[in-house]
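Take a look at the structure below.
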Amino acid sequence: MQIRFADQVPDGIALAIPASGIDADPVRRLGGNLADALSKQRFDGESGSVVEQFHDGRRVLVVGIGKKGAAGDGPEKLGGNAVAKLLTSGEKSVAIDLTGLGFDADAAATVGLGAALRSWRYDRYRTRLKDKQKATLDEVVIVGGGEGAEQRYKSRWEPVFHGVSLTRELVTEPANIIYPETFVERVRSALDGTGVEIEVLDRAAMEKLGMGALLGVAQGSVREARLLVLKWNGGTPGSQPVAFVGKGVTFDTGGISIKPAAGMEAMKWDMGGAGAVVGAFRALALRKAKANIVGICGLVENMPGGNAQRPGDVVTTMSGQTVEVINTDAEGRLVLGDAITYVTRNYKPSAIIDLATLTGAILISLGHEFAGLFANNDELADALKTAGDESGDKLWRMPLAEPFDRLIDSPIADMKNVGPREGGSITAAQFIQRFVEDGTRWAHIDMAGKAWSDKPSATYEKGATGFGVRLLDQYVEDTFER
Ligand code: BES
Ligand code: MN
Ligand code: ZN
């Protein structure tokens, strides 16, 4: 779908007008019996409410923008809600008329972002779609935004849309299509020409480095593990990079500690953290972010099999620390531990931010509204929390503390990979922290409740959300580009 910007509403296409209530200006401007139609349909301007009417031969949508208007996430919701209503409506083109509503260039540009995000779908495997199920909308024309809206969209938000799209695609693809090797291939082609440097470690390379925890998870699968390393050097040459580390379990059966059958298909998106990292790289490279960033994706498939690791196995990590694998389903932390040691040794990052669909327990704590944020540094935590509020990828800070760390001590090794059921997200974070060297600023984002959604929102359909891309993109802007 195309996003265009224009000074005037083109003739003959559908029209969407934002309104905060029945007697909003744009409704009055259009005249006719529109106000009447709105009141009969009990339109009150609430964000998300949409009324449809045919007026002078064209479809007119009145889209509620609530009291927020052009502030906050009002604009992206407006774009998204208009597109949600029209995507399969038969309309090919819609103009969103912002005239006189005080949308500056950025607000108008984010209407475009919301529209683009909400138009994303993945129909590759739906070969028998009925015509009326197919998307028809292929253009959104944004009219009456501030000077420079188009430039702002192209330089700031279109890259973010491309990043989120990549993440959603990887998360949506089933695990017979996307596994460690094909994840790497898909990322290579998506980042081709962006200037992102790519390095890939195979099993032999990781064996040499002693990544026994990551490889222990992978050993039950016929799909070989990969460590994907991405580099973007848009900042001051030679300055320390920030590191993004993603959990990329392309399918999580639980391994020998196998998961119940019901709902196991969801574990195709257990690579959502790695998906967010590569999506963020695409966004940041496309918009030529002024920052040095290194991205690490630990890519494995967690399968039971003749060669799978067993509960009770002791593995030696790249850090030299040993781990008793009590539960093979607590695999994400094993992958992240080695990935964090790798990035620390090779890049001396100024901060490490890891993203992972790590624990079911975070859903018990925070539901689907927030991802959990753990950090060993308040400034970093605050910066991420702010970026989350600004971008809509919301975070809620969770605690770390020594008594939780004691819960993962092992009688046979340096640590075990699970603690008790209580505080399961916290002990998982404590485990990861054992791989963070003293003095390195680190944050961990447990996004198990956020990578996938069973209900649509203003900016996504049911399914992959693309969570994490906008968060990292906004964090980079706030931290390195202001
Ligand atoms: N990938 C899962 C966590 C998960 C659960 C993500 C539900 C999304 C939705 C993770 O690898 C896992 O299996 N965690 C276990 C840990 C337990 C064995 C300590 C869990 O949360 O049950
Ligand atoms: Mn698991
Ligand atoms: Zn997992």
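The values are calculated or read from the model by the stated rules, or taken from the named source; none is laboratory data. Quick caveat: nothing in here was measured; it's all calculated off a predicted structure. Glycine gets a Cβ as well: all are built from the backbone with ideal geometry, and neighbour counts include every protein chain shown. Heavy atoms of the whole protein, side chains included, go into the accessibility calculation; ligands, DNA and RNA do not. Shrake-Rupley method; radii C 1.70, N 1.55, O 1.52, S 1.80 Å.
Data for the structure
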quantity	calculated
Some residue of the range 239-254 being open to solvent by 60 Å² or more (accessible area, probe 1.4 Å) and more than 14 Å from ligand 1 (Cβ to nearest atom)	yes
Some residue of the range 212-219 being out of contact with any Asp or Glu (no Cβ under 6 Å at 6 or more places or on another chain), open to solvent by 40 Å² or more (accessible area, probe 1.4 Å), within 29 Å of Gln309 (Cα to Cα) and at pLDDT 95 or above	yes
Output for the range 320-333, where each listed residue is crowded, with 23+ Cβ neighbours inside 10 Å and near ligand 3 (Cβ under 10 Å from one of its atoms)	Ala330, Glu331, Gly332, Arg333
Residue match in the range 276-287 (condition: open to solvent by less than 10 Å² (accessible area, probe 1.4 Å), of a type outside the set (Phe, Trp, Tyr) and within 15 Å of ligand 1 (Cβ to nearest atom))	yes
Cβ pairs under 6 Å, 6+ apart, first in the range 255-278 and over 21 Å from Gly306 (Cα atoms), second within 15 Å of ligand 2 (Cβ to nearest atom) and small (Gly, Ala, Ser)	Lys268/Ala175; Trp269/Ala451; Met271/Gly248; Gly272/Ala451; Gly273/Ala356; Ala274/Gly248
Filtered residues of the range 345-375 (kept if part of a helix (DSSP H, G or I) and open to solvent by less than 10 Å² (accessible area, probe 1.4 Å))	Ile362
Residue that is open to solvent by 30 Å² or more (accessible area, probe 1.4 Å), within 11 Å of ligand 1 (Cβ to nearest atom), within 15 Å of Ala464 (Cβ to Cβ) and in contact with a strand residue (DSSP E or B) (Cβ under 7 Å, 6 or more places away or on another chain), where the choices are Met267, Met271	Met267
Candidates Gly367, Gly279 - the one that is on the phi > 0 side of the Ramachandran plot and under 22 Å from the mean Cα position of the chain (by Cα)	Gly367
Test for Asp252: is it within 13 Å of ligand 2 (Cβ to nearest atom), among the charged types (D, E, K, R) and either without any contact (Cβ under 8 Å) to a residue 60 or more places away in the chain or closer than 23 Å to Ile340 by Cβ (or both)	yes
From the options Ala135, Ala175, Ala204, residue that is within 19 Å of Leu227 (Cα to Cα), among the aliphatic types (A, V, I, L, M), surrounded by fewer than 23 Cβ atoms within 10 Å (Cβ to Cβ) and within 24 Å of the chain's Cα centre (by Cα)	Ala175
Exclusive hit being within 16 Å of ligand 3 (Cβ to nearest atom), touching an Asp or Glu at 6+ places or on another chain (Cβ under 9 Å) and in contact (Cβ under 8 Å) with a residue 24 or more places away in the chain, set Ala383, Ala428, Ala443, Ala387	Ala428
Every residue from the range 260-317 that is in a strand (DSSP E or B), in contact with a helix residue (DSSP H, G or I) (Cβ under 6 Å, 6 or more places away or on another chain) and within 16 Å of ligand 2 (Cβ to nearest atom)	Gly298, Leu299, Val300, Asn302, Val315
